[in-house]
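Take a look at the structure below.
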2 protein chains.
Amino acid sequence: MSEDNNIFIGSKPFMNYVTGVVMQFTTNQASEVVIKARGKFISRAVDVAEVAAKRFLVNSIAVGNINVNSEEFTNREGRQVRVSTIEIALKKL
Amino acid sequence: MSEDNNIFIGSKPFMNYVTGVVMQFTTNQASEVVIKARGKFISRAVDVAEVAAKRFLVNSIAVGNINVNSEEFTNREGRQVRVSTIEIALKKL
């Protein structure tokens with residue numbers, strides 16, 4: 001799968017991400033799109049996946065594999081911090 | 001699986017949920033625990049799963065199936081609202 005099929009969720013307006021997903025499947029004819037997010041944006045990633053699959057591309061895409069992980073790193077104050085990550089695959093039916 | 005093996009994530013202190021998961025696997029000898037959350041608590045559910053699996057019960061439990069879904073309902077103002085949900089299964093290794 002090309003890296004172009006990844007959508008990273010951040011703090012832009014919600015519909016930007018949904019439109020991004022829909023465009024990948026329609027204009028770009030992708031067979032799979034992976035929605036990725038870290039930390040507090042994980043909830044938003046699930047919202048984007050659900051709205052894309054259940055409101056915009058109903059019966060034409062579905063949620064596939066979901067993976068969670070976490071990365072540990074040292075922050076600016078020198079403390080060990082763990083941040084969770086998620087990858088949600090959406091597949092063309 | 002008994003309903004008792006479900007942990008619902010809300011706004012209590014973070015470690016309450018991690019301890020809840022750890023107790024299910026240790027004191028209660030559960031073979032599987034399902035972490036459930038809705039809306040903004042979804043990110044927190046992933047954090048609880050990751051901390052339980054990678055810091056407290058390292059090499060003895062792992063994240064299994066993850067399912068996302070959403071429920072549509074009419075809120076108090078009469079508007080249609082969609083809320084996302086997640087279920088993260090943790091399994092004894």
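Given charges of +1 on the Cβ of Lys and Arg and -1 on the Cβ of Asp and Glu, with all other atoms neutral, how large is the dipole of the protein assembly as shown about its Cα centre, in debye to the nearest 20? Write out the running numbers ahead of the final one.
Details: 24 positive and 18 negative charges, 83 e Å.
The dipole magnitude comes to about 400 debye.
Toward the positive end of the charge dipole of the protein assembly as shown, about the Cα centre and with charges on Cβ (Lys, Arg +1; Asp, Glu -1), which of A:Ile35, A:Asn59, B:Gly10 goes farthest?
B:Gly10
So the label point sits 7 Å from Cα along the Cα-to-Cβ vector; using that for B:Gln80, what distances do you get to the other copies, in nanometres, sorted shortest first?
4.9
Compute the distance in nm between two label points, each set 7 Å from the Cα along the Cα-to-Cβ direction, one at B:Lys92 and one at A:Val83.
If labels sit at B:Lys92 and A:Val83, their model points lie 3.6 nm apart.
Do the sum for chain B: with -39,500 (n - 2.57) for every DSSP H run of n ≥ 4, divided by all residues, what is the mean residue ellipticity at 222 nm, to the nearest 500 deg cm²/dmol? Kindly include the intermediate steps, with their values, before the conclusion.
Values: 2 runs with 22 residues, N = 93.
One gets -7000 deg cm²/dmol as the mean residue ellipticity at 222 nm.
Averaging sequence separations of C-alpha pairs under 8 Å and six or more residues apart, then dividing by the length of chain A, give the relative contact order as a whole percent. Kindly include the intermediate steps, with their values, before the conclusion.
Details: 156 pairs, mean separation 29.0, N = 93.
Normalised by residue count, the contact order of chain A is 31 percent.
Taking Cα atoms of chain B, Rg/Rh with Kirkwood Rh, to two decimals? Please report the intermediate quantities before stating the final value.
On the way: Rg = 14.3 Å, Rh = 13.7 Å.
My calculation puts Rg/Rh at 1.04.
Rounded to the nearest 5, what % of DSSP beta bridges with both residues in chain B are antiparallel? Please list the in-between numbers first.
Numbers: 19 of 22 bridges.
Taking every DSSP beta bridge with both residues in chain B, the antiparallel ones total about 85 percent.
A:Lys12 label points, 7 Å along Cα→Cβ, one per copy: pairwise distances from this copy to the rest in nm, shortest first?
Ordered by increasing distance: 3.9 nm.
Using a basic spin-label model with each label point 7 Å from the Cα along Cα→Cβ, how many nm lie between B:Lys12 and A:Thr27?
4.7
Cα to Cα, under 28 Å, and not fewer than 8 places away if on the same chain: which lysines meet these conditions relative to B:Lys12?
Once the sequence-local lysines are set aside, what remains near B:Lys12 is A:Lys36, A:Lys40, B:Lys36, B:Lys40, B:Lys54, B:Lys91, B:Lys92.
State, to one decimal in nm, how far the label point of B:Val58 lies from the label point of B:Phe73, with both points 7 Å from Cα in the Cβ direction.
Placing both labels 7 Å along Cα→Cβ, they lie 4.1 nm apart.
Where a number appears in this text, it was derived from the coordinates with a stated rule and is not lab data. Because the structure is predicted, anything quoted here is derived from the model rather than measured. Here the Cβ is made from the backbone with ideal geometry for all residues, glycine too, and neighbour counts use every protein chain on show.
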